[in-house]
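K.L.:
Structure in structure tokens, see below.
No value in this document is a laboratory result; all are computed from the given coordinates. All figures in this text were calculated on a predicted structure; none of them were measured in a lab. Heads up, the Cβs are rebuilt from the backbone with ideal geometry, glycines too, and the neighbour counts pull from every protein chain shown.
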Amino acid sequence: MRLRKTSKPKVVDRRNGEPCRVMHMSVTNELVDAFLKCPTKCFLRSRGEVGTGNYYADWVRTRNELFRTQGVENLAANVTHGTCVSGTPVLGGVRSPQWQLATEFHARSQNLESFCHAVERHPAAGGGRAAEFVPIRFVAGNKIAREDKLLLSFDARVLSELLGRKIALGKIVHGDNYATLKVKTSDLAGVASKLTRLGC
């Protein structure tokens, strides 16, 4: 099945040859993550099917969540008191100078949806210039895979469409020492664009 923006693609039921409707679906970072690991897994998730229990997968998920929680606490400790918000600020808040860090930022634009681990806001450096927004993704492993960079680029793509401006830079916080790697998301914009038209 190919994800498109149209809400009524023509699909034929194999059982009786009659046309049937397919629900409109958002492309989320969870689907993108599944697609990068296994297109079949992405397809099954897009149909709402849930896999059976897997102890290793559960352990990895728990480790990643704990790493992200600690990473967010570390970031929040380094910003001015009262300038860290949890959740997605309203658009007026995004353009105001009152916050520097937003955690658990839920970005959505048309059929794209992404849960950004965190977003930094850097005030404009000079008059007439817009503030810069930097998505941040936490990766527990010491080595960063290409898939991690692509997921960050997908976050940047959705955030860019939400804010109506280019997001050229993102950060990955990773490893035992919570090292930070800056990623030029603009360099992966073409691939991220293709991921929004997943064949899963």
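K.L.:
Please list the non-local residues whose amide H lies under 5 Å from the amide H of residue 27, H modeled 1.01 Å from N, same-chain partners needing a gap of 5 or more.
P.N.:
Close amide H contacts, sequence-distant or interchain: 112, 113.
K.L.:
Just subtract the alpha-carbon distance of residue 70 and residue 180 from 0.36 nm times their residue separation and send over the number in nm, one decimal.
P.N.:
Taking 0.36 nm per residue and subtracting the Cα distance, the gain is 38.2 nm.
K.L.:
If packing is taken as the average count of other Cβ atoms within 10 Å, what order do 157-168, 68-79 fall into, highest mean first?
P.N.:
Descending mean neighbour count gives 157-168, 68-79.
K.L.:
Sticking with this one: When you count, for each residue, the other Cβ atoms within 10 Å and take the mean per peptide, how do 130-140, 57-67 rank with the highest first?
P.N.:
130-140, 57-67
K.L.:
What nm value, rounded to one decimal, do you get for the distance between residue 187 and residue 108 when each label is placed 7 Å out toward the C-beta?
P.N.:
3.3 nm
K.L.:
Next question, about the same structure. If you take the square roots of the eigenvalues of the alpha-carbon gyration tensor of the stretch 139-184 and sort them as a ≥ b ≥ c, do you get rounded (a/c under 1.5), prolate (a/b over b/c) or oblate?
P.N.:
It is prolate, given that a/c is not under 1.5 and a/b is the larger ratio.
K.L.:
Continuing with the same structure: So if each residue of separation counts as 0.36 nm, and I subtract the Cα-Cα distance between residue 62 and residue 79, what length gain in nm does that give?
P.N.:
Between residue 62 and residue 79, full extension yields 3.5 nm more.
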